[in-house]
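Below is one structure; the comments refer to it alone.
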Amino acid sequence: MRELINKLSDPIFSFPGAMLLYLALLRYYRIFGSKKFAKIALVVILGLVAYFFADPNFFLIITTPDNIPISILFVLVSFFTWLTFHKAAENDKRIEQGLCPIEGTPENREKVWTWPNLVYTELFTIIAGTTFLIVWAILFKAPLEEPANPTWAPNPAKAPWYFLGLQEMLVYFDPWMAGVILPGLIVVGLLAIPFMDTNPKGNGYYTFQERKVAISFFLFGWLVLWLYLILIGTFLRGPNWVFFGPFEYWDLHKVVAENNVNLSEYFWIKGLGVSMPKNILLREIIGIIVTALYFVVGLPVVTKLWGKAFLKSMGQIRYYIFMFLVFSMVSLPIKMFLRWLFQLKYIIAMPEFELNL
Amino acid sequence: MADEKRLSLNRREFFGHLAVGWSLFAAATGGLLALVFRFTFPNVNFEPTMSFTAGLPSDYEKGVDERWKNAYGVWIVKHEGILFALSNICTHLGCVPNWLPGEQKFKCPCHGSGYYVTGVNYEGPAPRPLERFKIVLNSEGKIFVDKTKIYRAEKGEWNNSDSFITV
Ligand code: FES
């Protein structure tokens with residue numbers, strides 16, 4: 001059983017699994033958002049947690065002080081995701097019946113004073129937060145390590161927990177891509193949301209039905225990409241950044257056969273059986289064509305299949321910026337799959353110019 | 001009443017107070033800035049020398065030698081009849097890989113890049129091989145490593161006669 005779980009948590013299975021779960025969540029959000037589901041899920045999860053904790057290797061990792069925020073993060077995110085869908089499901093049902101959302105009912109529209117209603121809440125939050133931090137600081141040790149040494153790195157060398165998703169991305173990309181361009185696009189994309197989102201619905205109340213696309217894309221990036229990668233990076237990456245299942249012992253000498261190959265090598269050496277051309281552009285031509293196709297052909301095709309209505313309602317500029325961001329986001333899982341399935345290192349590899357895709 | 005306090009300042013007093021206040025403020029700011037400036041002269045400066053002599057070629061056994069790793073960040077590798085100085089900076093994002101003798105490879109702890117004993121990358125995200133440094137024999141026949149001169153494989157520089165010593 002444990003063996004099986006170790007196997008299944010390997011990204012090649014668990015990532016598609018996470019994606020399927022996510023799709024199921026969107027499809028059946030009304031069931032997911034029901035109180036009954038929450039109760040059953042809570043029982044099941046508590047059972048699972050007990051089962052997982054019984055394993056010494058898992059226990060060791062989950063109780064590392066550095067990793068505890070992640071556990072808290074997952075509890076909180078699960079709860080709030082459920083809460084959102086719970087409220088959204090309720091409202092969607094009301095809207096279907098022609099009623100106004102719960103937030104719009106007369107008793108909920110009543111206004112209250114900032115003082116004392118808001119200020120009191122804030123005061124208590126501050127006190128509770130401070131207490132929590134103090135208790136935390138007493139309970140969990142964060143000792144100083146030996147003096148910094150530029151010729152030695154801890155193994156595994158892990159980023160702060162909130163950056164572990166980025167660090168996990170770096171496994172699949174060149175530092176320029178995963179360290180600069182993609183994070184930049186994430187920030188720019190988040191900033192751009194208010195300018196691209198022309199849908200006036202859902203203002204001041206929870207709903208899913210009326211903002212399907214916006215919510216689905218955002219939560220995909222947040223839950224499936226960002227949080228999933230943090231999860232992998234924190235709990236399932238051990239020494240030498242090798243993958244370890246949740247019940248596996250972090251063996252420093254675990255050997256993983258991996259031999260990553262660039263697309264150009266696949267094409268010239270394995271495909272055509274000739275040596276790589278000297279000219280860099282010619283050498284990488286396949287990668288360049290593939291990348292160009294992804295955007296130049298992919299965009300119109302997607303637009304034709306699904307995008308027409310949006311193109312109309314958003315206008316050309318908004319639509320294409322939105323699509324560019326979506327395509328960049330989707331390129332991350334695509335690259336990950338290519339790595340897992342074909343051991344592909346880089347689609348375009350020009351180390352001469354520090355440019356790799 | 002004689003001891004009744006005046007509650008306002010006259011012009012001269014006002015400017016007097018103002019001058020004192022601003023002088024104190026300027027002095028405090030200046031002091032802070034001086035402290036900040038002091039930081040640009042650290043007490044300890046970690047600047048290892050960029051070149052060193054590394055003994056005789058016969059001092060080295062076949063394979064990877066780690067004796068200069070901590071001091072200079074260099075592995076001296078004897079492999080297939082040549083001796084070369086390999087940088088210990090991962091070409092992905094600059095972590096320090098470990099030499100794993102059991103598996104005969106360098107493995108980076110940060111994102112899992114792996115390199116053969118030659119320094120050529122083959123697994124993980126590293127885009128190019130580890131860099132080699134200039135390595136020559138000086139007049140006494142000792143190895144001299146110069147880290148300011150770098151040889152990169154993808155530029156075909158490993159054929160350069162200064163990038164290795166034939167043994
Ligand atoms: S820094 Fe070595 S693999 Fe990323």
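Here B:TYR115 meets each of (1) within 13 Å of the ligand (Cβ to nearest atom); (2) modelled with pLDDT under 90 with one exception, condition (2).
The requirement of being surrounded by 12 or more Cβ atoms within 10 Å (Cβ to Cβ), within 14 Å of another protein chain (Cβ to nearest Cβ) and within 16 Å of the ligand (Cβ to nearest atom) is fulfilled nowhere in the stretch B:40-55; no residue meets it.
Taking the listed residues A:ALA128, A:ALA159, the one that is at pLDDT 85 or above and assigned to a helix (DSSP H, G or I) is A:ALA128, with no other qualifying. For the residues A:GLY165, A:GLY179, A:GLY189, A:GLY184, the requirement of being among the small types (Gly, Ala, Ser), more than 27 Å from A:CYS100 (Cβ to Cβ) and out of contact with any helix residue (DSSP H, G or I) (no Cβ under 8 Å at 6 or more places or on another chain) singles out A:GLY184. Looking only at residues that are crowded, with 24+ Cβ neighbours inside 10 Å and farther than 15 Å from B:PHE52 by Cβ in the stretch B:78-106, which one is farthest from the ligand (Cβ to nearest atom)? Going through the qualifying residues, I end up with B:PHE106.
Is there a residue in the stretch A:214-223 that is out of contact with any helix residue (DSSP H, G or I) (no Cβ under 9 Å at 6 or more places or on another chain) and either part of a helix (DSSP H, G or I) or within 16 Å of A:MET314 (Cβ to Cβ) (or both)? If you could, list the steps in order and put the result at the bottom.
Filtering the stretch A:214-223 for residues out of contact with any helix residue (DSSP H, G or I) (no Cβ under 9 Å at 6 or more places or on another chain) gives none.
No: the stretch A:214-223 contains no residue that is out of contact with any helix residue (DSSP H, G or I) (no Cβ under 9 Å at 6 or more places or on another chain) and either part of a helix (DSSP H, G or I) or within 16 Å of A:MET314 (Cβ to Cβ) (or both).
For the stretch A:178-210, which positions are in a loop (DSSP other than H, G, I, E, B) and surrounded by fewer than 15 Cβ atoms within 10 Å (Cβ to Cβ)?
A:THR198, A:ASN199, A:PRO200, A:LYS201, A:ASN203, A:GLY204
Is it the case that A:TRP222 is more than 14 Å from chain B (Cβ to nearest Cβ) and more than 25 Å from B:GLU154 (Cβ to Cβ)? Yes: the conditions hold for A:TRP222. Checked against (1) of a type outside the set (Val, Ile, Thr); (2) more than 16 Å from the ligand (Cβ to nearest atom); (3) in a loop (DSSP other than H, G, I, E, B), B:PHE37 passes all but condition (3). Do we have any residue at all in the stretch A:150-159 that's in contact with a Phe, Trp or Tyr (Cβ under 6 Å, 6 or more places away or on another chain) and more than 16 Å from the ligand (Cβ to nearest atom)? No, the stretch A:150-159 contains no residue that is in contact with a Phe, Trp or Tyr (Cβ under 6 Å, 6 or more places away or on another chain) and more than 16 Å from the ligand (Cβ to nearest atom). Please find, within the stretch B:63-87, the residue that is farthest from A:ALA153 (Cα to Cα) out of those that are touching a Pro at 6+ places or on another chain (Cβ under 8 Å) and either of a type in the set (A, V, I, L, M) or at the interface with chain A (Cβ under 9 Å from one of its Cβ atoms) (or both). Result: B:LEU83.
Does A:ALA159 meet the test of being within 11 Å of chain B (Cβ to nearest Cβ) and touching a Cys at 6+ places or on another chain (Cβ under 7 Å)? No; evaluated as a whole, the condition is false for this residue. Determine if the stretch A:132-155 includes at least one residue that is surrounded by 13 or more Cβ atoms within 10 Å (Cβ to Cβ), within 14 Å of chain B (Cβ to nearest Cβ) and within 23 Å of the chain's Cα centre (by Cα). No, the conditions are met nowhere in the stretch A:132-155.
The values are calculated or read from the model by the stated rules, or taken from the named source; none is laboratory data. Bear in mind that the values here come from a model prediction, so they are computed numbers and not experimental data. Virtual Cβ from ideal backbone geometry, glycine too; neighbours counted across all protein chains shown.
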